[in-house]
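To start, the structure itself, in structure tokens.
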């Protein structure tokens, strides 16, 4: 198909140099869509006001997830910018606009934007509702998503939540694709202090719902040969976790790397672990699991949200009930027993197709019917 004959898509969301998993996701989605469609990538001139997000929002150190020819047009807090972005999109006259959705902060911006668009809109929901709920989140989410024509979710739980506000929503569930590009990132660090024979990894932002305290407590009943590497941004909560580690006399068995981890350091932590642990108390899906699978590392996870749909117990990882240190300890020890006989890496490779970006593009095509539309 010639470029002139390709269907046009506008993709909206964060991409390089913005930090974080959704930025990585959007960049890889843009590349995958461009294999089939004429894609215009629109990102933010300003994502969050500094008063709401005081940390540096950009990381220029690695452009492996860069989406070429991105137009940084959308200031999420500027009405004039939103109007100009809508006018730009209408000039492009795309067949479909795809918007990344993960937090009600974006509700006013996207409502004003979509109201002015002449194209059909697909919301790709990383979370329908935010992990940390607040009074107006349901109202803001419902009033925004009802303006969409199609929806993609990453788990059955998310689909159920969508149906509580849009019972007749046209949607598909597509597993969170794998962040395979991390394998291609050139590692530039030797900062990992762990050299033990058995290493498990907790990676990502430290938030109460992620259950790190349960994992730390579980370490007290796990054989001493197992070392836990905690890598992530604690925010203001680091001291309480460090006190817990100290009080349990686990300082020799737990290493902590606090702060944002540049892309070029991520691979080193995953390469050196036996498994990645997601002791979540609540979840929708997990981009961390997909980084783990990119490195063919099994995942030890709790049975919350969409995680049981991602991890095949005893094959690509191990599952256990949430919130129970004893159960998590048993799961970690069970993993090491299974590891003697189970080829987790091969099982992960065998299961990779459903996590591919090509599968995601097929899902978008099937859900919307875009390939059959008259331009």
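For the reader, a short list of remarks on this structure follows.
- Residue match in segment 308-319 (condition: outside the structural domain of residue 158 (by TED's automatic domain parsing), part of a helix (DSSP H, G or I) and touching a helix residue (DSSP H, G or I) at 6+ places or on another chain (Cβ under 6 Å)): yes
- Test: residue in segment 47-65 that is at pLDDT 95 or above and out of contact with any strand residue (DSSP E or B) (no Cβ under 6 Å at 6 or more places or on another chain): no
- Flag if residue 328 is assigned to a helix (DSSP H, G or I), in the same structural domain as residue 298 (by TED's automatic domain parsing) and closer than 26 Å to residue 176 by Cα: yes
- Enumeration of residues in segment 309-323 that are surrounded by fewer than 17 Cβ atoms within 10 Å (Cβ to Cβ) and either under 19 Å from residue 212 (Cβ atoms) or modelled with pLDDT under 95 (or both): 309, 321, 323
- Which listed residue is assigned to a helix (DSSP H, G or I), buried (at least 19 other Cβ atoms within 10 Å of the Cβ) and touching a helix residue (DSSP H, G or I) at 6+ places or on another chain (Cβ under 7 Å), from 178, 144: 144
- Taking the criterion of being surrounded by 15 or more Cβ atoms within 10 Å (Cβ to Cβ) and either without any contact (Cβ under 8 Å) to a residue 60 or more places away in the chain or in contact with a helix residue (DSSP H, G or I) (Cβ under 9 Å, 6 or more places away or on another chain) (or both), the residues of segment 328-350 that qualify are 328, 329, 330, 331, 332, 334, 335, 338, 342, 344, 347, 348.
- Failed condition for residue 134, given (1) outside any helix (DSSP H, G or I); (2) at pLDDT 95 or above: (2)
- Residue match in segment 74-81 (condition: part of a helix (DSSP H, G or I), in contact with a strand residue (DSSP E or B) (Cβ under 9 Å, 6 or more places away or on another chain) and modelled with pLDDT under 95): no
- Filtered residues of segment 297-307 (kept if part of a loop (DSSP other than H, G, I, E, B) and under 16 Å from the mean Cα position of the chain (by Cα)): 304, 305, 306
- Counting the residues of segment 61-112 that are crowded, with 18+ Cβ neighbours inside 10 Å and over 24 Å from the mean Cα position of the chain (by Cα) gives 7.
- Scanning segment 227-243 finds no residues that are in contact (Cβ under 8 Å) with a residue 24 or more places away in the chain, over 28 Å from residue 16 (Cβ atoms) and over 27 Å from the mean Cα position of the chain (by Cα).
- Of all the numbered requirements in (1) in contact (Cβ under 8 Å) with a residue 12 or more places away in the chain; (2) in a helix (DSSP H, G or I); (3) touching a helix residue (DSSP H, G or I) at 6+ places or on another chain (Cβ under 8 Å), residue 353 misses one, and that requirement is (1).
The values are calculated or read from the model by the stated rules, or taken from the named source; none is laboratory data. No experiment lies behind these values; they were computed from the predicted model shown. For neighbour counting, all protein chains shown are included, and Cβ atoms are generated from backbone atoms with ideal geometry for every residue, glycine included.
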